[in-house]
Amino acid sequence: MSLCFVPLRKYADFTGRARRREFWSFMLLILVPAAALVVAALLSGSDAVWLAFTSYLLVTFLPSLAASVRRLHDAGRSGWWWLLAAFVPFGGIVVLVFLLLDSEARDNDHGPCPKPVPVPVPVRPASPPPA
């Protein structure tokens, strides 16, 4: 659960890498209240709820942008790829695929791999059966 709040602590940090779990748990944390505000605004028809929704989007824009850029870094892409989603029709699909890709298993230009590397366990050769 603490991974959900890491992007809030790094709300304007566009350097480094973000694992898939960190990114998607944060997106879930952002999208659930946004969806609730949209449903409340549609059901009530109140301008105040739409204002609350717009304010919520403005407040969460920078942290979600920073988390997206760090996620792109983790997949081995530049953060500038985000502009593809913003300005090119269907560019969001390409960026979504990049966001879904697994982390690069090695260090890249944006930092060390945040994913823990499994330590290989040595296998002992079988001992000969007793005579």
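Every number here is computed from the coordinates shown, using simple stated rules; none is lab data. As the structure is a computational prediction, the values presented were derived from the model and not from experiment. Cβ coordinates were reconstructed from backbone atoms using ideal geometry, including for glycine residues, and neighbour counts include every protein chain displayed.
So if I place +1 on the C-beta of Lys and Arg and -1 on the C-beta of Asp and Glu, and nothing else carries charge, what would the dipole magnitude of region 59-131 be about its Cα centre? I want it in debye, nearest 20.
Working: 6 positive and 5 negative charges, 28 e Å.
About 140 debye.
Which order results if Asp47, Asp13, Asp74 are arranged by neighbouring Cβ count within 10 Å, fewest first?
Working: Asp47 9, Asp13 15, Asp74 27.
Least to most surrounded, the residues fall as Asp47, Asp13, Asp74.
Once R0 is set to 25 Å, what does the formula 1/(1 + (r/R0)^6) return for the Cβ-Cβ distance between Ser55 and Ala12, expressed as a FRET efficiency to the nearest 0.05? Write down the numbers at each step before the final one.
On the way: r = 18 Å, r/R0 = 0.74.
Approximately 0.85, to the nearest 0.05.
Hey, if you put +1 on the Cβ of every Lys and Arg and -1 on every Asp and Glu Cβ in the chain, which of Ser127, Leu96, Leu84 ends up farthest toward the positive end of that dipole?
Ser127
Region 29-131: which trypsin sites (Lys or Arg not before Pro) are DSSP loop and have at most 13 other beta-carbon atoms within 10 angstrom?
Details: sites: Arg70, Arg71, Arg77, Arg106; in loops: Arg77, Arg106.
Passing both the DSSP loop test and the Cβ count: Arg106.
What are the residues whose amide H is under 5 Å from the amide H of Asn108, where those residues sit 5 or more places off or on another chain and H is modelled from the backbone?
Cys113
Sort Phe87, Phe61 by Cβ crowding within 10 Å, fewest neighbours at the top. Don't jump to the answer; show the numbers that get you there.
Values: Phe87 8, Phe61 11.
Listing Phe87, Phe61 from fewest to most nearby Cβ atoms yields Phe87, Phe61.
Could you work out [θ]222 nm for the chain from helices alone, using -39500 (n - 2.57) per DSSP H run of at least four and dividing by all its residues? Round to the nearest 500 deg cm²/dmol.
Values: 5 runs with 73 residues, N = 131.
Dividing the helical sum by the residues of the chain leaves -18000 deg cm²/dmol.
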